[in-house]
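The values are calculated or read from the model by the stated rules, or taken from the named source; none is laboratory data. Model, not experiment: these values are computed from the prediction. For neighbour counting, all protein chains shown are included, and Cβ atoms are generated from backbone atoms with ideal geometry for every residue, glycine included. What goes into the accessible areas is simple: the full protein's heavy atoms, side chains included, and nothing from ligands, DNA or RNA. Shrake-Rupley method; radii C 1.70, N 1.55, O 1.52, S 1.80 Å.
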Amino acid sequence: MNRFTLVLHCPNVIGIVYQVSKFLFERNANITESAQYDDEISDRFFMRVAFVMPDDAETAESLLEAFSPIADRFNMQTQFHAEDERPRILILASKSTHCLADLLQRHSSGELAVDILGILSNHRGQPERLAAQYELPFEYLDIDSLGKAAAEERILTIMRDQQIDLTVLARYMQILSDNFCQQASCPIINIHHSFLPSFKGARPYHQAFAKGVKLVGATAHYVTPDLDEGPIIEQDVARVNHAMGALGLVEIGRDLEKAVLARAVKLHVRHRVLPNGPRTVVFA
């Protein structure tokens, strides 16, 4: 049995669900999961359908071609994905490696069904040791020597040459330029604490503790030229108190960052996130 996922979004008109169901019925497909959302604000329709095909000859490409008359008729943005498809991932990290280590462990255990093509970091040490431990390619970005522009061009070259499907910023502590964001050949997911814009810069958890915050959180989002303002994929929060101290907030924050980034990456690679202007539709 061939398993596929269809994701689509388009202007909201009558007949979309019927046409999708009819298309799959005519090909003896068995729908195993279906989710849809009608956004009244944007007047757009979003749909994700998982299904099984009895014909082993069918591919995502052949289904897309066969579906194209319907997609053209409804002005749909449409993608078909085979279940055994493994997205090609590039990970960028810096000195703090809790998110990187978590992603690599989930990948090693099979929980994260992707191919990690490489790890890039502007620090050696722990990032390089983790790459070696998991037998993954590692490259050191010496930004001080290369310069930011050259380092970004190196990342863009790898993204193009390796045909990367998704780049993950696992606490990569470098601000990406507008040019980089515009030239990137694949989506980029970032993770950061949810204090923005309240506590910017270094030691945000220490700043938060000094202000007596009662909640800490983490946000995973797509990268756009607007710094830390891209469409949000996933978030979470935890309650804290005065007795935990700044280091306690840091520990809780790191746990949140690991979990939120992992969930965001899994949602993306499982084709459960659809773009909706400055927001996202997430079929969790």
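Straight-line cross-link partners of Lys211 among the lysines, defined as a Cα under 28 Å from its Cα and at least 8 positions apart when in the same chain: Lys95, Lys200, Lys258. Each Lys or Arg adds one and each Asp or Glu takes one away; over the other residues whose Cβ falls under 10 Å from the Cβ of Cys186, this sums to +1.
Within the stretch 43-137, what whole-number % of the accessible surface is contributed by carbon and sulfur, with the 1.4 Å probe and all protein chains included in the calculation?
Details: 2040 of 4550 Å².
Its accessible area is 45 percent carbon and sulfur atoms.
How many percent of the accessible area of the stretch 147-222 is carbon or sulfur, using a 1.4 Å probe? List each step's numbers first, then the result.
On the way: 1860 of 3610 Å².
After summing per-atom areas, the C and S share lands at 52 percent.
Heavy atoms of the protein chains alone define the surface here; on that basis the chain has 51 Å² accessible area per residue at 1.4 Å probe size.
Filter the chain for me: DSSP H helices, axial length by Cα at least 24 angstrom, mean Kyte-Doolittle hydropathy not below 0.0. List them by residue number. Helices passing the filter in the chain: 245-269. Between the beta carbons of Ser62 and Val13, assuming R0 = 30 Å, the FRET efficiency works out to 0.70 to the nearest 0.05.
Distance from the alpha carbon centroid of the stretch 108-143 to that of the stretch 251-273 works out to 18 angstrom.
Here Lys266 is the anchor, and the aspartates and glutamates within straight C-alpha reach of less than 19 Å, apart from those fewer than 8 places off in the same chain, are Glu33, Glu83, Asp84, Glu85, Asp102, Glu111, Asp115, Asp165, Glu234, Asp236, Asp255, Glu257.
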